[in-house]
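This report concerns only the one structure given below.
The values are calculated or read from the model by the stated rules, or taken from the named source; none is laboratory data. A quick note: this is a predicted structure, and the numbers were derived from the prediction, not measured. For neighbour counting, all protein chains shown are included, and Cβ atoms are generated from backbone atoms with ideal geometry for every residue, glycine included. Note: areas computed on protein heavy atoms with side chains; ligands, DNA, RNA excluded. Shrake-Rupley method; radii C 1.70, N 1.55, O 1.52, S 1.80 Å.
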Amino acid sequence: MKIIGVESMLESQRVVQSGLSSPAVSGKPVLELRHVSLQYPTKGSPITIIRDVSFSVAHSEFVSIVGPSGCGKTSLLKMMAGLNTDHGGTLYFQLQPIAGPLKSVGMAFQNPVLLPWRTTLENVLLPLEVVEPYKRTFKQNLAQHEKSALELLATVGLEGFQKAYPWQLSGGMRQRASLCRALIHQPELLLLDEPFAALDAFTREDMWEMLQRLWLRTGCTAILITHDLREAVFLSDTIYVMGPRPSEIIFSLKVDLPRPRPLEICLTDEFHRLVSEVRQHIRRSY
Amino acid sequence: MKKSFDRFLQTQTASVVLPAVTIVLTLVLWQVGVGLFNVPRFILPAPTQILAAMNQWSPVILRHSLTTLTSTLLAFALALVGGILLGSIIGSSRLAHLCLYPLLVGFNTIPKVALVPLLAIWFGLGLIPAVITAFLLAFFPIAVNVAVGLETVEAEMRDVLRSLGASSWEIFTKVGLPHSMPYLFASLKVAISFAFVGSVISETVASNQGLGYLIVSASSSFDVPLAFAGLVALGLMGVLLYTFFAALERYVLSWRQ
């Protein structure tokens, strides 16, 4: 529960055209992007997808990135994971430049991407078989790992489904299992690429609460890509709005709502005001 | 009436009864047809005559069957190892794919029966050319399917592992191989049949043992019932092995829907 109030969250402050200006956060940044750009090679001249993006993310901060389709949000996330290193500018993770896949990232994709030949439990345990230092002692500590995986599954309402294969789960259940997989190895950085986009509205809101709970408990730094502005406001400390291609950060917003946020907060005037503020900037960018 | 029949088609009983009925019906038609049109036994023997031949020659048929089975299983085991290895290399490496795949496809288009005389020159008669012919036929579908299984792994599935810092080997063992298992098993059922074809082809040309040899020598002395008895033995072994791999597939791939 070390998250609450870590960041100096003043009034929701705007930093328009924040190409360079980073948000007011305390401590050393966990993740920093400096003049990141991305080009996509085509037969003719290459298309610039991301023109120039710079911002930094503090320890235990929850950051959302919103923006129109095709503005390079997913590519940006892959760069943060070190999965895509073919870009301009530099990204730093804990002050080190990112040159290859990071060792301990928790990642959840738009599709749950569970391995179909593994049960829910085996899918959740996967990171522990691969990530240092867990992999060395995976077999010895299996019972303990299984216990913590089952606990994690229980917190997302999947108790009793540990032996089910992915095809036996509903879309929302698969997504929840994939979140557990992203969190089981207690990553310092949680990267979420529209993980709830395919879910119905009710399930999605349940997932927001669940994600907030897990994030508050683990204290990890989280980056969420989303199209859903309510989702961004509900979950985030900071929201970055990317413009259309060739994109840059056109607006950033601090969300200073108290944690833990109950779902009812979505009905408050302050919440509506924040959502419409972000929306205005997305509209203006077209 | 129509509805209840549709429901019957879905039952376990139907999956046993219907094929049995078809087989029995075919045999009865065969028996009656041969009798009715007075077909001589050296053209097409009746099922009862084949049965009699099987009974009369059972030790001989058994001996030749064992020869064929030995070379087939030996070749199949080699094809399994070789096919998985080559398929894994082609499926994991773009370089290997570009270099080896065209060669593999080109080689596969050569009718293997044309190779048997050469194999006989190099390796003499008997077991070795049979094993090699069977191997050459059986390993291609295995290699191709394993390669396809590895190449069709979704990029996102790979990314899940890469984002955890997994090595290429870990990605191969945790995602690549399990993903290509269904492809592998689909190929095994084809490969085991191909291995039988290879053994029998080689035995008809370059051997004095095995069911291929038995069938050729029986036909050349117009003992057509014995030739058919050999065919029946081949069919039985083929079906048995196919069933074995189908059952193994169901067990190993029990995670599938």
Would you be able to say whether some residue in the stretch A:182-200 is without any contact (Cβ under 8 Å) to a residue 12 or more places away in the chain, away from chain B (no Cβ under 14 Å) and open to solvent by 10 Å² or more (accessible area, probe 1.4 Å)?
no
Would you say B:VAL232 is in a helix (DSSP H, G or I), at pLDDT 90 or above, more than 14 Å from chain A (Cβ to nearest Cβ) and farther than 25 Å from B:VAL116 by Cα?
no
Suppose we keep only residues that are within 8 Å of another protein chain (Cβ to nearest Cβ) and open to solvent by 10 Å² or more (accessible area, probe 1.4 Å) within the stretch A:73-97. Which one would you say is farthest from A:SER37 (Cα to Cα)?
A:LEU83
May I ask you to verify whether A:SER56 is away from every other protein chain (no Cβ under 14 Å) and out of contact with any strand residue (DSSP E or B) (no Cβ under 8 Å at 6 or more places or on another chain)?
no
Helices (runs of 4 or more DSSP H) lying entirely in the stretch B:143-229 (those with 3 or more residues that are surrounded by fewer than 24 Cβ atoms within 10 Å (Cβ to Cβ) and among the basic types (Lys, Arg)):
none
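Looking at B:ALA120, B:ALA134, which is the one that is within 18 Å of the chain's Cα centre (by Cα), touching a residue at least 40 places away in the same chain (Cβ under 8 Å) and at negative phi?
Values: B:ALA120 fails: within 18 Å of the chain's Cα centre (by Cα).
Checking each option against the conditions leaves just B:ALA134.
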Quick check on B:LEU248: is it open to solvent by 70 Å² or more (accessible area, probe 1.4 Å) and either within 14 Å of chain A (Cβ to nearest Cβ) or assigned to a helix (DSSP H, G or I) (or both)?
no
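Matching residues to (1) in a helix (DSSP H, G or I); (2) not charged (D, E, K, R):
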position	(1), (2)
A:THR90	no, yes
A:ASN111	no, yes
A:PRO116	no, yes
A:LEU125	yes, yes
A:GLU129	yes, no
A:LYS139	no, no
A:ALA143	yes, yes
A:LEU153	yes, yes
Take A:GLU159 and decide whether it is surrounded by fewer than 14 Cβ atoms within 10 Å (Cβ to Cβ), free of Cβ contacts under 8 Å to residues at least 12 places away in the same chain and assigned to a loop (DSSP other than H, G, I, E, B).
yes
Looking at the stretch B:31-43, which of its residues are assigned to a helix (DSSP H, G or I) and either in contact with a Ser or Thr (Cβ under 9 Å, 6 or more places away or on another chain) or open to solvent by less than 70 Å² (accessible area, probe 1.4 Å) (or both)?
B:GLN31, B:GLY33, B:VAL34, B:GLY35
Is there a residue in the stretch B:53-61 that is β-branched (Val, Ile, Thr), assigned to a helix (DSSP H, G or I) and either closer than 24 Å to B:PHE172 by Cβ or open to solvent by 60 Å² or more (accessible area, probe 1.4 Å) (or both)?
no
Go through the residues of the stretch B:188-201 one by one and say whether even a single one is out of contact with any His (no Cβ under 6 Å at 6 or more places or on another chain) and under 30 Å from A:VAL131 (Cα atoms).
no
Being farther than 30 Å from A:LYS78 by Cβ and open to solvent by 70 Å² or more (accessible area, probe 1.4 Å) narrows B:LEU125, B:LEU119 down to just B:LEU125
With respect to B:VAL28, is the statement that it is in a helix (DSSP H, G or I) and of a type in the set (Val, Ile, Thr) true?
yes
Only one residue in B:SER254, B:SER168, B:SER180, B:SER207 is touching a Leu at 6+ places or on another chain (Cβ under 6 Å) and within 14 Å of another protein chain (Cβ to nearest Cβ), so which one is that?
B:SER180
Scan of the stretch A:162-172 for residues that are buried (at least 20 other Cβ atoms within 10 Å of the Cβ) and more than 14 Å from chain B (Cβ to nearest Cβ), ordered by number:
A:GLY172
Single match in A:GLU122, A:GLU132, A:GLU151, A:GLU146 (criterion: in contact (Cβ under 8 Å) with a residue 24 or more places away in the chain, surrounded by fewer than 23 Cβ atoms within 10 Å (Cβ to Cβ) and more than 9 Å from chain B (Cβ to nearest Cβ)):
A:GLU146
Regarding the stretch B:193-203, can at least one residue be identified that is within 14 Å of chain A (Cβ to nearest Cβ) and not hydrophobic (A, V, I, L, M, F, W, C)?
no
Could you check A:MET207 against (1) at pLDDT 90 or above; (2) under 18 Å from A:ILE265 (Cβ atoms) and say which number it fails?
(1)
Of (1) part of a helix (DSSP H, G or I); (2) under 30 Å from A:THR48 (Cβ atoms), A:LYS135 fails just (2)
Just checking, which of A:GLU61, A:GLU129, A:GLU122 is touching a Phe, Trp or Tyr at 6+ places or on another chain (Cβ under 9 Å) and among the acidic types (Asp, Glu)?
A:GLU129
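Taking the condition outside any loop (DSSP other than H, G, I, E, B), of a type in the set (Gly, Ala, Ser) and either at the interface with another protein chain (Cβ under 9 Å from one of its Cβ atoms) or surrounded by fewer than 19 Cβ atoms within 10 Å (Cβ to Cβ) (or both), does A:GLY100 pass?
When the stated conditions are applied, A:GLY100 does not pass them.
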